[in-house]
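For reference, the structure discussed in these notes is given below.
The values are calculated or read from the model by the stated rules, or taken from the named source; none is laboratory data. Predicted model, so just to flag it, every value in this text is computed and none were measured. No Cβ is skipped: glycine too gets one built from the backbone with ideal geometry, and neighbour counts run over all protein chains shown. Just so you know, the surface numbers come from the protein's heavy atoms only, side chains and all, with ligands and any DNA or RNA stripped out. Shrake-Rupley method; radii C 1.70, N 1.55, O 1.52, S 1.80 Å.
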Amino acid sequence: MPGKVTLVGAGPGDPGLLTRKGLEALQKAEVVVYDRLVSPAILAMMPETAEQINVGKQASRHPVPQEQINRILLDKALEGKNVVRLKGGDPFLFGRGGEELELLAEHGVPFEEVPGISSSIAAPAYGGIPVTHRDCCSSLHIITGHQRSGKTLDIDFEALVRTRGTLVFLMGVSALPDICAGLLAAGMEPATPAAVVERGTTPAQRRISAALAALPEAAEAAKVESPAVIVVGGVCALAEQFDWFDKLPLKGRHVVVTRPKERVGTLAARLRELGADVWEYPCIATRPLDPCPAMDDAMERLGDYEWLALTSPAGADALWRWLEAKGKDARALGGLRLAAIGPGTARALAAHGLRPDYVPAVYDAAHLGAGLPAAGRVLILRAQEGSPALTEALAKRNIGFNDVATYRTVYENPRSRELRELVEGEGVTLVTFTSASTVKGFVSSVGEDADFSRVVGACIGAQTAAEAEKHGIPVRVAREATMDALVELIAAL
Ligand code: SAH
């Protein structure tokens, strides 16, 4: 039985512009064949187990020839694999999507196509240019500006000028002077508004606007590079007024998000919404301790405890995993009172229909220990390397406890060169720290000996900040220990 090939449009760059259907296909993929223009944040959405095949251009190497790509898709599908072919923008718009389906059709391999948001519309949109507007045009034309080496452009400029519509050229950066000259020779007004949008919808987006006759010079002065779209027509005059993307509060800023992989998503997405260039570096990961005799013992004698305290969503996950493995559910917790360190952990409980009886006013271990209204014993389920502040505070109040490690934190990405270059490079890099262990994971990835003086560590709380300061990282601390407050802090920096 052959597998299936799903041709998925990855959109122009902003990972939020991948369609839901495209995401679903990606999450089910066993093999992902992708191009140069697909953003790393989208590649991060595929399952870790998926085989990744990069057929795009590498720095000095050439791209994989088209026939070979077609062959890879066919072979993998014939092996019975569920294959996703990820392409920039929309696969059928100058994307050779049709060519890739031909061989599959000949061999009776099932396929599907998930359209993507094309750069031809999205890049102008993020540059403040609506591709049509009732006041200035009644058609839109998308043209390839690709020039075979040594050949002249095969474009009917007279026909294009006659349409009086908006013209969008893809693959036209190197042919820009010829495109503009062609339009002028065909009688287009030299003052016609025009623009180039480079790396549209990404944090590195730039828009260069000029009159048609002056555009080649303006683009050259700005050293415009591919990928970029060229837009010609009255709608380009609206850009100054509609330019929303460049005005986002975090536009142009680099933010490194260090949360564990399973929780990185929402913080990264919210920072991207504010225009930040987000680098997802999940420097830590949590691994359940399995088997976990200490947890078995404690859970079998829950009657000995008055309180159950959780200090992270990962601790809540460990609790459910244990209950599920034993064929139990939340009723097993019976009369126990529940404490959560903060809203994130409270939400992890709420997902199972439980509401914590206590959440400290300040969301950290010290305040949880100092404020927990306990008379009897407390069962704590948390990480192996949990903060001593909690147990010290309980001990000081003569409250009995059992501190059970249910998972451990491991450091990922050891010694990432890319991350180090960013940290020590020009300009300030913001790094988000959501726990002391994310600081440790980050420092071990970058290298203890790095110069952290240009980093700003945006920390969720005091203990996290203290850990960062130990490594010479300048810090700012959120108003309270929540993701909302952390995002608020970063937006105000
Ligand atoms: N199928 C793609 C286009 C592939 S052709 C789509 O629908 O978007 C490649 C050309 O697309 C590039 O030369 C450039 O002109 C354009 N392009 C792709 N991504 C872009 C981006 N983020 N910003 C501007 N132009 C882009």
Problem set entry | Label-point gap, in nm, between Arg417 and Arg454 - each point 7 angstrom along Cα→Cβ | 1.8
Seminar exercise, completed: Between Ala181 and Asp290, the FRET efficiency computed from the C-beta separation at R0 = 60 Å comes out, to the nearest 0.05, as 0.30
Exercise. Contour minus end-to-end for Glu426 and Arg148, with contour as 0.36 nm per residue of separation and end-to-end as the Cα-Cα distance?
Worked result: 96.3 nm
For this session: Return one number: the angle in degrees, 0 to 90 and rounded to the nearest 10, between the long axis of the Cα atoms of helix 264-273 and the longest principal axis of the Cα atoms of the chain.
Result: 50
For this session: Mind checking which aspartates and glutamates have their Cα closer than 15 Å to the Cα of Lys87? Skip sequence neighbours fewer than 8 apart in that chain.
Result: Asp14, Asp35, Glu99, Glu100, Glu112, Glu113
Exercise. So which trypsin sites (Lys or Arg not before Pro) in region 143-189 pass both tests, a DSSP loop state and at most 14 other Cβ atoms within 10 Å of the Cβ?
Worked result: Arg148, Lys151, Arg164
Problem set entry | Cα Rg, Dmax (largest Cα-Cα span) when computed across the chain, Å | 27.5, 89
Exercise. Of the beta bridges DSSP finds with both residues in region 121-247, what % are antiparallel, to the nearest 5?
Worked result: 75
Seminar exercise, completed: Given a Förster distance of 22 Å, the FRET efficiency implied by the Cβ-Cβ spacing of Ala214 and Thr163, rounded to the nearest 0.05, works out to 0.45
Exercise. Taking 0.36 nm per intervening residue step and subtracting the Cα-Cα distance, what contour gain separates Leu493 from Thr266 on full extension?
Worked result: 79.7 nm
For this session: At a temperature of 25 °C and a viscosity of 0.890 mPa s, determine how fast region 370-493 diffuses translationally according to Stokes-Einstein, using the Kirkwood radius over alpha-carbon pairs as Rh; express D in µm²/s, rounded to the nearest whole number.
Result: 152
For this session: Rounded to the nearest 10 degrees, what's the angle between the helix 313-325 long axis and the longest principal axis of the chain, both from Cα atoms, 0 to 90?
Result: 70
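Counting only DSSP beta bridges with both residues in the chain, what percent are antiparallel, rounded to the nearest 5?
Within the chain, antiparallel bridges account for around 25 percent of the total.
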Exercise. How far is the Cα center of region 321-352 from the Cα center of region 159-225, in Å?
Worked result: 59
Exercise. In region 287-410, what percentage of the DSSP-assigned beta bridges are antiparallel, given to the nearest 5?
Worked result: 10
For this session: Taking the convex hull of the Cα atoms, report for region 1-154 its projected area averaged over all directions, in nm².
Result: 11.4
Exercise. Which distance in nm do the two modelled labels at Asp329 and Lys223 give, with both placed 7 Å along the Cα-to-Cβ direction?
Worked result: 6.3
Seminar exercise, completed: Violations at 29 Å Cα threshold for listed pairs Lys151/Lys223; Lys81/Lys326; Lys21/Lys328 -> Lys81/Lys326; Lys21/Lys328
For this session: Can you tell me how much longer the chain between Leu248 and Asp297 gets when fully stretched, taken as 0.36 nm per residue apart minus their C-alpha distance, in nm with one decimal?
Result: 12.4 nm
Problem set entry | Protein accessible area in region 4-116, 1.4 Å probe - carbon and sulfur % | 50
For this session: Enter the Cα centre distance for the pair region 367-385 and region 1-56, rounded to the nearest angstrom.
Result: 43
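Could you calculate the FRET efficiency of Gln27 with Asp156 from 1/(1 + (r/R0)^6), where r is the beta carbon distance between them and R0 is 30 Å, rounded to 0.05?
0.10
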